[in-house]
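A short worksheet on the structure shown next.
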Amino acid sequence: MAYNTIDCDVHPAISGLQDLLPYYDDYWRDFVSMRELNGMDLGIYRPSLPLSARPDWLGTEPRAGASLDVLQGQLLDPFKVDIAICTVLNGASSFFNPYFAAATCKASNDWLIENWLAKDARLRGSIMVSIQDPDLAAEEIERLAGDRRFVQVVMPVAGDMPFGRRYYWPIYRAAAKHGLPIAIHPGGGGRYQQSYIGNHSLYLEDYALQSSTMAHQMLSLIYEGVFSEFPDLKVVMLESGVTWVPSYLTDAENKWMALRREVPWVDKSPWDYARKHFRFTTQPFDAPNNGEIVNRVIDMLGSEDMLLFSTDYPHFQFNGDNALPTGLSDERIARLKSINPLATYSRLSEAV
């Protein structure tokens, strides 16, 4: 089957932990009920914030994106989306209890299967894992890897340490075993300083710092040798922006040339690793609304393979029905919307 439009970043919304009660086992169901827990905010997309939903995508649900019918009417049908990769955002990464975090990710994944994947053949899923305990995360990947509707593993960008550390390698080992890319999405526990200069005062600052956190995680994965150990692993940077990549990697390459003896297992430049292993979704596309500049940024990447089409539904990243960056040729549009996603997600070519 030919897929002309693949949306690589769509967010079905859980209204609260109460939605997940049927998907917890008895112990965790009692745990949630006894403590009267319900909040599911990841921090970066709180329901009251305008960026959390386009005004015309709010619908009547407690949260934008909480209704399959609305998603079908607002996104899948009008945008002619053949495949939408669904990533559920939950607050598990902020839980200090690693077992509750793992149980919540498991419940979120089962909720996604029953309420979304089972009801529309155009939908695919992301396996949400808890980063507090990589062994439990690997168990969740193994549990769901046989369901071919799941096409990637998703982690929030801010963890307890840089993602290249061997502590996290059980996650990458399980994902690589099953041919699943790792997706990294803004958000995280919020328990640590957002930057080297300390804790920031404002939510606005935290939101703006998400791209730099993405950049640091990218270099950690490269320099700590993740891709030497897992040479076929792909990493998809969701909502990271794009324009920072050329300057950041050029600077990283210059420093690697001077200090490469510290990392003998990194036998290629950061640019080479990035072009082979990293992919970036197109919304939000952080460039001026100028086709010449947009194409210049893409040219600077030095690869036609690195960008994947996304709408970031239901978040407010663009108006109307033109989710693509300005000024792209038909050839580039085809690469973003079909060729590159199919090359990144091997399971999309399978019938499910």
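Restricting the first residue to the range 135-162 and requiring it to be farther than 28 Å from Y207 by Cβ, which pairs with a second residue that is modelled with pLDDT of 95 or more and of a type in the set (D, E) meet a Cβ separation below 7 Å and a spacing of at least six or different chains?
Matching pairs, first to second residue: none at all.
Collect the residues in the range 113-127 that are part of a loop (DSSP other than H, G, I, E, B) and either β-branched (V, I, T) or without any contact (Cβ under 8 Å) to a residue 40 or more places away in the chain (or both), keeping them in residue-number order.
Within the range 113-127, just A118 meets the criteria.
Need a quick list: helices (runs of 4 or more DSSP H) entirely within the range 191-250 having at least 3 residues that are among the hydrophobic types (A, V, I, L, M, F, W, C).
Because the criterion is at least 3 residues that are among the hydrophobic types (A, V, I, L, M, F, W, C), the helices (runs of 4 or more DSSP H) in the range 191-250 that meet it are 210-223.
If the requirement is being touching a Pro at 6+ places or on another chain (Cβ under 6 Å), modelled with pLDDT under 95 and not polar (S, T, N, Q), which of these qualifies: G188, G241?
Of G188, G241, the one residue that is touching a Pro at 6+ places or on another chain (Cβ under 6 Å), modelled with pLDDT under 95 and not polar (S, T, N, Q) is G188.
Can you tell me how many residues within the range 197-239 are touching a residue at least 40 places away in the same chain (Cβ under 8 Å) and in contact with an Asp or Glu (Cβ under 7 Å, 6 or more places away or on another chain)?
Number satisfying all stated conditions: 2.
So which residues in the range 140-162 are at pLDDT below 95 and assigned to a loop (DSSP other than H, G, I, E, B), if there are any at all?
G159, D160, M161, P162 - these are the residues of the range 140-162 that are at pLDDT below 95 and assigned to a loop (DSSP other than H, G, I, E, B).
Consider I182 carefully, then state whether it is modelled with pLDDT of 95 or more, more than 22 Å from A343 (Cβ to Cβ) and β-branched (V, I, T).
No, not satisfied.
Those residues that are acidic (D, E), crowded, with 16+ Cβ neighbours inside 10 Å and modelled with pLDDT of 90 or more, I need them from the range 1-27; list them, please.
D7, D9
Can you tell me which condition P264 does not meet? The list is (1) over 25 Å from A343 (Cα atoms); (2) surrounded by 14 or more Cβ atoms within 10 Å (Cβ to Cβ), and all the others hold.
For P264, the exception is condition (2).
Please tell me if D110 is surrounded by fewer than 24 Cβ atoms within 10 Å (Cβ to Cβ), of a type in the set (D, E, K, R), modelled with pLDDT of 95 or more and not in a helix (DSSP H, G or I).
No: the conditions fail for D110.
The rows are residues; the columns are (1) of a type in the set (A, V, I, L, M, F, W, C); (2) over 18 Å from the mean Cα position of the chain (by Cα); (3) closer than 22 Å to C86 by Cβ; (4) surrounded by 17 or more Cβ atoms within 10 Å (Cβ to Cβ).
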{"residue": "R165", "(1), (2), (3), (4)": "no, yes, no, no"}
{"residue": "R173", "(1), (2), (3), (4)": "no, yes, no, no"}
{"residue": "I184", "(1), (2), (3), (4)": "yes, no, yes, yes"}
{"residue": "I197", "(1), (2), (3), (4)": "yes, yes, no, no"}
{"residue": "M218", "(1), (2), (3), (4)": "yes, no, no, yes"}
{"residue": "E229", "(1), (2), (3), (4)": "no, yes, no, no"}
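Can you name every residue in the range 262-289 that is at pLDDT below 95, charged (D, E, K, R) and under 17 Å from S303 (Cβ atoms)?
Matches in the range 262-289: K268 only.
Looking only at helices (runs of 4 or more DSSP H) that fall completely inside the range 257-352, which ones have 3 or more residues that are in contact with a strand residue (DSSP E or B) (Cβ under 8 Å, 6 or more places away or on another chain) and on the phi < 0 side of the Ramachandran plot?
Fully inside the range 257-352 and qualifying: 340-344.
Residue by residue through the range 231-261, note down the ones that are surrounded by fewer than 23 Cβ atoms within 10 Å (Cβ to Cβ), within 23 Å of R296 (Cβ to Cβ) and among the charged types (D, E, K, R).
Within the range 231-261, D251, E253 qualify.
The values are calculated or read from the model by the stated rules, or taken from the named source; none is laboratory data. Nothing here was measured: the structure is a model prediction, and the numbers come from that model. Quick reminder, even Gly has a Cβ in these numbers, built from the backbone with ideal geometry, and neighbours come from all protein chains shown.
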